[in-house]
Amino acid sequence: MIQKNNDEIPLRVLLLRIGSFFKYLLSKWIILLLAGIIGGALGLLIAIYTKPTYSAKLTFVLSSGSKEGGLSALVNQFGIDAGSGGNDVFSGENILTLFKSKRMIEAVLFKKPPGSNEILANIIVREWEWDRQWKKSKRTKNQFPFPAEIAGLSLIQDSLLREVYSSILKNNLTVLRTDKKLSVYEVNTRTTNELFSCYLTRYLMDETANFYIETKTSLAKLNLRMLQKEADSLRGQLGGAISSTASEVDRTFALNPALQLQRAPAQKSQIRATVLATAYGEVVKNLEIAKITLQRETPIYQIIDVPEMPLKIKKVSKLFSIIVGGGVVFLLITIYLFIRRKFY
């Protein structure tokens, strides 16, 4: 019983203190009301002066499976292994790194949207008002706007462009794989400039896809060009050898069979034509295999959704800002009153 009474006393005291504190707060209701009103007003101002953001989302499917099948079977008929194609440097999550690379994004920043004479880099710098900050510094005062070509950048401009790239990568651009089983990817740009959001996303897709395809097929294209050049050269030589053989045969037509020496040039031309025809046949066969290999190595991607103007706009809710602003200031004043009452 003694322990029970000892337990009940602190609880009773605690309840009395809580009740006393609430009575104290009620006595300060004017201050708390003003705090809620001021906080709500601040939240409303934030909602009014916060720029709306525009989100440009693009989704696409990338073929990550092997495209062998019938093509490989056809190649194997010639006794050649076209490779399994299993090692893909851009497979899986690596394609995400390519989209976020400095090379891809900076290349896109120097493109101009339709109907605009400004590159994307200059558009977003003005939107962020960084140009005003740069004008205040002697080092960066005359470094804006950026030139129309990336090759015309000065060392300082290159440094400023890296800052733009870092900010976009950190705050505005997201690239993710939404469905690993289907290799579905999503590229999303969210900024306060509608034109920039839309065309950064679209141009980034084009730039990355072109680089991706060119890199994947560069070796196959080189092999195809070499074989095509060899085939054209052999075809020309074979045509000349056939014409030369025909000429020699005509020259020795109705010749005395006993005079075999004069038939030697015609026989040499015939042998040369036969050798060239055999070589040309092998090159043509390899040429067709090279075409099949190029087709197999060329990546396939399909865009599902592409951002179109006008973009989806996201604004800060005024009601939500009023509630949050009023609640935060009300809570801070309540904590202040509690500390003041307890320690002062």
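The values are calculated or read from the model by the stated rules, or taken from the named source; none is laboratory data. Bear in mind the structure is a predicted one, so any value in this text is a computation, not a measurement. Here the Cβ is made from the backbone with ideal geometry for all residues, glycine too, and neighbour counts use every protein chain on show. Side chains included, ligands, DNA and RNA excluded: accessible areas come from the protein's heavy atoms. Shrake-Rupley method; radii C 1.70, N 1.55, O 1.52, S 1.80 Å.
Taking the criterion of being out of contact with any strand residue (DSSP E or B) (no Cβ under 9 Å at 6 or more places or on another chain), open to solvent by 50 Å² or more (accessible area, probe 1.4 Å) and aliphatic (A, V, I, L, M), no residue of the range 278-308 qualifies.
Considering only the range 11-42, state which residues are of a type outside the set (A, V, I, L, M) and modelled with pLDDT of 75 or more.
Result: 19, 20, 22, 23, 27, 28, 29, 36, 39, 40.
The set of residues in the range 123-132 being surrounded by 12 or more Cβ atoms within 10 Å (Cβ to Cβ) and more than 26 Å from the chain's Cα centre (by Cα) consists of 131 alone. In the range 325-336, which residues are open to solvent by 60 Å² or more (accessible area, probe 1.4 Å) and in contact (Cβ under 8 Å) with a residue 24 or more places away in the chain? Residues satisfying the conditions are 328, 330, 332.
Out of (1) out of contact with any helix residue (DSSP H, G or I) (no Cβ under 6 Å at 6 or more places or on another chain); (2) assigned to a helix (DSSP H, G or I), the odd one out for residue 303 is which? Of the numbered conditions (1) out of contact with any helix residue (DSSP H, G or I) (no Cβ under 6 Å at 6 or more places or on another chain); (2) assigned to a helix (DSSP H, G or I), the odd one out for residue 303 is (2).
Scanning the range 172-219 for residues that are in a strand (DSSP E or B) and open to solvent by less than 60 Å² (accessible area, probe 1.4 Å) returns 173, 175, 177, 179, 184, 185, 186, 187, 188, 189, 191. Checked against (1) closer than 21 Å to residue 97 by Cα; (2) of a type in the set (Gly, Ala, Ser); (3) without any contact (Cβ under 8 Å) to a residue 24 or more places away in the chain, residue 167 meets all criteria but (3). Of the residues making up the range 110-140, those that are closer than 16 Å to residue 171 by Cα and among the aliphatic types (A, V, I, L, M) number 3. Within the range 44-73, if we keep just the residues that are surrounded by 15 or more Cβ atoms within 10 Å (Cβ to Cβ) and among the β-branched types (Val, Ile, Thr), the residue that is modelled with the lowest pLDDT turns out to be 46.
Out of curiosity, is residue 225 surrounded by fewer than 21 Cβ atoms within 10 Å (Cβ to Cβ), assigned to a helix (DSSP H, G or I) and not aliphatic (A, V, I, L, M)?
Here the answer is yes, as residue 225 does meet what is asked.
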